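Participant: Before I ask anything, here is the structure I am working with.
Bear in mind these aren't lab numbers, they're just calculated from the coordinates by the rules spelled out. Being a predicted model, the structure only gives us computed values, none of them experimental. Cβ placement follows ideal geometry from the backbone for every residue including glycine, while neighbour counts extend to all protein chains displayed.
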Amino acid sequence: MKEFQNFLLESLNSPYEWDFVIQQSDEWFAMFHDSNKMWFGVSFLLFVDMYAKSKIVKNWMVAFGNDPDSDGSYDKFDMQISNTGLGDSQRVLSTVMDIVMTFVKLVKPQNFSFTGHNQDGHAKLYTIMLKKYKLDFNRLGYKIEDPAPYFSGATKFLITRER
């Protein structure tokens, strides 16, 4: 059991190489591939909610998905999370979190959010991942808000800058 825990921690701390391929004022996009050449993308899109309690709120929506064609062209990402089925999901998630943390350090968004579906277990997985990275977010001045129910059986996760 101890060997498995060590393997899990090591894989969570060993992200794949990745690169931001889009860096715009309202959109950032990073790409990477795993050891089996399956391509993945992490998208950050800025939305402005002008009706949030009579003030303008900018929220970066984060999405993660894989490229079903695995050709590395970001325009073909369906942004649907799916099982890699290849045994390296911890490393893929580690890479996604590395991308998110780098985005936060570079852009310093006021807040950002993402969703996870309850039925497929992603909401529970994201809750565990956020616990692991809570101190990292706190050091950067961010607070992880309590997860909230969202539409279609999903959970919304919101991270806000406190300072």
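Participant: Take each of the peptides 15-28, 106-119, average the number of other beta-carbon atoms within 10 Å over its residues, and list them starting from the highest. Write down the numbers at each step before the final one.
Facilitator: On the way: 15-28: 13.4, 106-119: 16.1.
Peptide ranking by packing, descending: 106-119, 15-28.
Participant: How much of the calculated P(r) for the stretch 101-163 lies past 17 Å, in percent of all Cα pairs?
Facilitator: 39
Participant: Across the stretch 101-107, in residue order, what do the Karplus-derived ³J(HN,Hα) couplings come to in whole Hz, using 6.51 cos²θ - 1.76 cosθ + 1.60 with θ = phi - 60° and x for Gly and Pro?
Facilitator: For the stretch 101-107, the Karplus-derived couplings read 5, 5, 4, 4, 5, 7, 8 Hz, x marking Gly and Pro.
Participant: Nearest 0.05, what FRET efficiency do Lys156 and Gln110 give at R0 = 25 Å with Cβ-Cβ as r? It would help to have the intermediate numbers written out before the result.
Facilitator: Working: r = 16 Å, r/R0 = 0.65.
The calculated FRET efficiency here is 0.95.
Participant: While we're here: Under a straight-distance cross-link criterion of Cα-Cα below 25 Å, which lysines are reachable from Lys58, leaving out those fewer than 8 residues away in the same chain?
Facilitator: Lys105, Lys108, Lys131, Lys134, Lys143, Lys156
Participant: If you don't mind, another one. Near Phe47, within a Cβ-to-Cβ distance under 9 Å, what is the net charge of the other residues, with Lys and Arg +1 and Asp and Glu -1? Can you show the working numbers first?
Facilitator: Numbers: positive: Lys58; negative: Asp26, Asp49.
Around Phe47, the surrounding residues sum to -1.
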